[in-house]
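This report refers to the structure that appears directly beneath it.
Quick note: the coordinates plus some simple rules give every number you see, no bench work behind them. Quick caveat: nothing in here was measured; it's all calculated off a predicted structure. Because the Cβ atoms are built from the backbone with ideal geometry, glycine has one as well, and the counts that use them run over all protein chains shown.
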């Protein structure tokens, strides 16, 4: 784990506190004073104890220039997800079970763990692919209908559209 | 307006329950654990999301809470399926394949790498 | 309209029950622990959906909270089992 300065630590603490508090408010969905106070105290304790795991992320993607890309990403993602579901449904229903599964690897240009996690989870919900493991720059993917085992070609088929937008958001 | 929302909600509920059923049928029919994860995760994620949003549309007071449930399902399902896929290959469950031998090259490579570390 | 609504929800429950049966068969048959965990994961999502629909049927808001907690617990449980299976626990 890399050394971070004190001010960065304080920043991360407040970010994770704010995030946890938002989750608390969403889950309890009430604004009564005792609930809010207990929530603030609990989430502060949790943020304190998990501080050393939360040195990853900032909210820089909420900057106005990047927000456009975030919205575009969500729309692309939802369309891909609906396509994925009809694809899976077609394979499950047809009596001959038309699958040709295998495991391929692709290389990603994304640098931070956070961005790689977003990419891997997006791959999981898109047609016919399931991310199995992330090792350094490589993502291993279970593909229900293998077309290419070559990493370059597989990357073009699976992850190119997502990575293009993610590069704009995170880098 | 209410009428339209209700009909839309009912349609979403039916679509959602059909996808939940297809996901379960998928984990019943598919030949190995990775394919089962594919069918199980994708179909049940969209199925659950559309069913819950449907209920939120019929019952507008519940919309906020159902939106939270939907966001939670969308975030948690891919993570748990990724963890399960990882645990499956680390406990050396061989993937089912019927094509060429080289479809498994990446699998062998990642297992070897895992053993060396 | 009311009759149409009732029939629709009944049909949805039919599909959900069928889904639970198929998931449960996979849970019984296995053959490996990972397969059973996949079945549990799927059954959790189906159960969350069923709870929300039941909440609508009985007009009880509290069922949504129950569904949320069930979803969180199922998620954490699956993660723990997955970590256990890969010998990291």
Open item on the list: Need one word for chain C: rounded, prolate or oblate. Basis is the Cα gyration tensor (sqrt eigenvalues a ≥ b ≥ c); a/c below 1.5 gives rounded, then a/b vs b/c decides.
Closed with: oblate
Task: Rounded if a/c under 1.5, otherwise prolate or oblate - the range A:60-170, Cα gyration tensor axes - done: oblate
TODO: Kindly give the semi-axes, whole Å and largest first, of the ellipsoid equivalent to the range B:2-116, taking each as the square root of 5 times a Cα gyration tensor eigenvalue.
DONE: 38, 16, 8
Task: Cβ-Cβ FRET estimate between residue B:7 and residue A:82, R0 fixed at 22 Å, reported to 0.05 - done: 0.65
Task: Average other protein chain Cβ within 10 Å of Cβ, residues A:83-94 - done: 6
Open item on the list: Can you tell me which of A:97, A:31, A:48 moves the most in a GNM of chain A? Springs connect C-alpha atoms under 10 Å apart.
Closed with: A:31
Task: Exposure proxy ranking, count of Cβ atoms within 10 Å, fewest first, for C:2, A:160 - done: C:2, A:160
- [ ] Report, in degrees rounded to the nearest 10, the 0 to 90 angle that the Cα long axis of helix A:160-170 makes with the longest principal axis of chain A.
- [x] 20
TODO: Just rank B:66, A:96, fewest to most, by other beta-carbon atoms within 10 angstrom.
DONE: A:96, B:66
- [ ] Determine, for A:24, A:143, the number of other Cβ atoms within 10 Å of each Cβ, and report the residues in order from fewest to most.
- [x] A:24, A:143
TODO: Take the Cβ-Cβ distance between residue A:23 and residue A:96 as r, set R0 to 56 Å, and report the resulting FRET efficiency rounded to the nearest 0.05.
DONE: 0.80
Open item on the list: Just to confirm my numbers, what's the Cα centroid distance between the range A:79-145 and the range C:55-89 in Å?
Closed with: 24
Open item on the list: Between helix C:2-29 and chain C, what is the angle of the helix's C-alpha long axis to the longest principal axis, kept within 0 to 90° and rounded to the nearest 10?
Closed with: 20
TODO: Grab the DSSP H runs of the protein assembly as shown that are 4 residues or longer, score each as -39,500 (n - 2.57), total them, divide by all residues and round the 222 nm result to the nearest 500 deg cm²/dmol.
DONE: -25000 deg cm²/dmol
TODO: Using only atoms on other chains, find how many Cβ atoms lie within 10 Å of each Cβ of peptide A:15-27 and report the average.
DONE: 1
TODO: Could you work out the mean count of beta carbons from other protein chains within 10 Å of each residue's beta carbon in B:89-95?
DONE: 5
- [ ] Determine the shape class of the protein assembly as shown: with a ≥ b ≥ c the square roots of the Cα gyration tensor eigenvalues, call it rounded for a/c under 1.5, and otherwise prolate if a/b is greater than b/c, oblate otherwise.
- [x] oblate
Open item on the list: On C-alpha positions alone, give me the angle between the axis of helix A:33-49 and the longest principal axis of chain A, in degrees, nearest 10.
Closed with: 70
